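Chemist: The structure is given below, and queries will be raised subsequently.
The values are calculated or read from the model by the stated rules, or taken from the named source; none is laboratory data. None of these values were measured; they are calculated from a predicted model. For neighbour counting, all protein chains shown are included, and Cβ atoms are generated from backbone atoms with ideal geometry for every residue, glycine included.
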Amino acid sequence: MFFQPERQLALTDSLFLAQGDMYFSHMQTLTISVNMVGVMGKGLAARAKYQFPDVYVSYQDLCKRKTLQIGRPALVKRESSLADQLSEVPVETDYGTWFLLFATKRHWKEDSKIEYIVSGLDWLKQNYKSLGITSLALPALGCGLGNLDWKAVGPLMCSVVKDFDIKVCIYLPTEKPVEAKYLTPEYLLGR
């Protein structure tokens, strides 16, 4: 119960919004907003850097090789699950925890750009099946340290991922609370 989201709202049968710690989502793939210069200095990225140093090494390598690009997130497939790492006793899971590194800005000093999120989500929509992603946790891309507003990003994200045939959970921004009227299916899905 301690690790459950503080609040979860179902928008569709497979699309959810959650308030809480994305790292405890039990989703196969966790999405981390990153820049393209190899710095994981704050927010979810910094947590990934210290909690999953192998992901950080992969991220830096992707940046050095210029493989990580705007509009083309990179998937780091790990064999061990997050539950295995957090538990003192072995936990049987049938998946490893994967990380989707999603560039929302070129440099860490810049703000995120909504067009980068659009192109990355479009690419993800075309490729999530072939990548083997079976469930996906997303932060409110660019809405924390990237200074974008949920009122613009939320409907954009929901309009793309609502058609995925996997479970998708979008974690709400923690830096700025979102008013309830911006969390409804009518607002986010245009119903």
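Chemist: For region 29-48, name all the residues that are surrounded by 19 or more Cβ atoms within 10 Å (Cβ to Cβ) and closer than 21 Å to GLU175 by Cα.
Modeler: First, the residues of region 29-48 that are surrounded by 19 or more Cβ atoms within 10 Å (Cβ to Cβ): 29-36, 40, 44-45, 48.
Of everything in region 29-48, those that are surrounded by 19 or more Cβ atoms within 10 Å (Cβ to Cβ) and closer than 21 Å to GLU175 by Cα turn out to be LEU30, THR31, ILE32, SER33, VAL34, ASN35, MET40, LEU44, ALA45, ALA48.
Chemist: Looking at region 24-39 only, could you name the residues that are out of contact with any strand residue (DSSP E or B) (no Cβ under 7 Å at 6 or more places or on another chain) and not in a helix (DSSP H, G or I)? Steps first, answer last, please.
Modeler: As a first pass, look at region 24-39 and keep what is out of contact with any strand residue (DSSP E or B) (no Cβ under 7 Å at 6 or more places or on another chain): 24, 26, 37-39.
Of everything in region 24-39, those that are out of contact with any strand residue (DSSP E or B) (no Cβ under 7 Å at 6 or more places or on another chain) and not in a helix (DSSP H, G or I) turn out to be HIS26, VAL37, GLY38, VAL39.
Chemist: How many of the residues in region 65-74 are surrounded by 19 or more Cβ atoms within 10 Å (Cβ to Cβ) and over 15 Å from the mean Cα position of the chain (by Cα)?
Modeler: 1
Chemist: Also, quick follow-up: Restrict the check to region 159-177 and report whether at least one residue is modelled with pLDDT under 95, over 23 Å from SER58 (Cβ atoms) and among the β-branched types (Val, Ile, Thr).
Modeler: Scanning region 159-177 turns up at least one residue that is modelled with pLDDT under 95, over 23 Å from SER58 (Cβ atoms) and among the β-branched types (Val, Ile, Thr).
Chemist: Taking region 18-31, which residues are closer than 16 Å to GLN51 by Cα, among the aliphatic types (A, V, I, L, M) and modelled with pLDDT under 95?
Modeler: MET22
Chemist: So which of CYS158, CYS143 ends up being more than 15 Å from PRO73 (Cβ to Cβ) and either crowded, with 22+ Cβ neighbours inside 10 Å or among the aliphatic types (A, V, I, L, M) (or both)?
Modeler: On inspection, the qualifying residue turns out to be CYS143.
Chemist: Give me a count of the residues in region 168-182 that are more than 23 Å from THR29 (Cα to Cα) and either surrounded by 13 or more Cβ atoms within 10 Å (Cβ to Cβ) or not acidic (Asp, Glu) (or both). Please lay out each step first, then the result.
Modeler: Pass one, region 168-182, residues more than 23 Å from THR29 (Cα to Cα): 176-182.
Subset that is either surrounded by 13 or more Cβ atoms within 10 Å (Cβ to Cβ) or not acidic (Asp, Glu) (or both): 176-178, 180-182.
The number of residues fulfilling the criteria is 6.
Chemist: Here's something else I'd like to know. Answer with yes or no whether LEU68 is within 20 Å of LEU124 (Cα to Cα) and modelled with pLDDT under 90. Give the steps one after another, and end with the answer.
Modeler: On the way: within 20 Å of LEU124 (Cα to Cα): yes; modelled with pLDDT under 90: no.
Considered against the rule, which asks whether it is within 20 Å of LEU124 (Cα to Cα) and modelled with pLDDT under 90, LEU68 comes out as no.
Chemist: In addition: On the given criteria, is ALA152 among the aliphatic types (A, V, I, L, M) and farther than 16 Å from ALA18 by Cα?
Modeler: Working: among the aliphatic types (A, V, I, L, M): yes; farther than 16 Å from ALA18 by Cα: yes.
When the stated conditions are applied, ALA152 passes them.
Chemist: Related question: Within region 164-191, track down each residue that is free of Cβ contacts under 8 Å to residues at least 24 places away in the same chain and under 19 Å from the mean Cα position of the chain (by Cα).
Modeler: So the first thing to find is which residues in region 164-191 are free of Cβ contacts under 8 Å to residues at least 24 places away in the same chain, and the list is 177, 179-181, 184, 186, 191.
Scanning region 164-191 gives a single hit, PRO177.
Chemist: Tell me which of these LEU62 doesn't satisfy, since it passes every other one: (1) outside any helix (DSSP H, G or I); (2) within 22 Å of ASP122 (Cβ to Cβ).
Modeler: (1)
Chemist: Now for a different question. Mind listing whichever residues of region 9-23 are outside any loop (DSSP other than H, G, I, E, B) and of a type outside the set (Ser, Thr, Tyr)? Break it down stepwise before answering.
Modeler: Applying the first criterion (outside any loop (DSSP other than H, G, I, E, B)) to region 9-23 yields 9-10, 15-19, 22-23.
Across region 9-23, the qualifying residues are LEU9, ALA10, LEU15, PHE16, LEU17, ALA18, GLN19, MET22.
Chemist: Next question, about the same structure. How many residues does region 114-127 contain that are under 16 Å from the mean Cα position of the chain (by Cα), without any contact (Cβ under 8 Å) to a residue 40 or more places away in the chain and over 18 Å from LEU188 (Cβ atoms)? Talk me through it step by step, then tell me what you get.
Modeler: Going residue by residue through region 114-127, those that are under 16 Å from the mean Cα position of the chain (by Cα) are 114, 116-125, 127.
Now restrict to residues that are without any contact (Cβ under 8 Å) to a residue 40 or more places away in the chain: 118, 125, 127.
Filter again for over 18 Å from LEU188 (Cβ atoms), leaving 127.
Residues in region 114-127 being under 16 Å from the mean Cα position of the chain (by Cα), without any contact (Cβ under 8 Å) to a residue 40 or more places away in the chain and over 18 Å from LEU188 (Cβ atoms): 1 in total.
Yes or no, residue by residue, for (1) crowded, with 17+ Cβ neighbours inside 10 Å; (2) within 14 Å of the chain's Cα centre (by Cα); (3) within 18 Å of MET157 (Cβ to Cβ); (4) at pLDDT 90 or above:
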| position | (1), (2), (3), (4) |
| --- | --- |
| CYS63 | yes, no, no, yes |
| SER80 | no, no, no, no |
| ALA83 | no, no, no, no |
| VAL89 | no, no, no, no |
| THR104 | yes, yes, yes, yes |
| HIS107 | no, no, no, yes |
| LYS129 | no, no, no, yes |
| ILE133 | yes, yes, yes, yes |
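Chemist: Given the criteria farther than 19 Å from PRO173 by Cα, surrounded by fewer than 18 Cβ atoms within 10 Å (Cβ to Cβ) and at pLDDT below 95, does THR97 qualify? Spell out the reasoning first.
Modeler: Working: farther than 19 Å from PRO173 by Cα: yes; surrounded by fewer than 18 Cβ atoms within 10 Å (Cβ to Cβ): no; at pLDDT below 95: yes.
In short, no.
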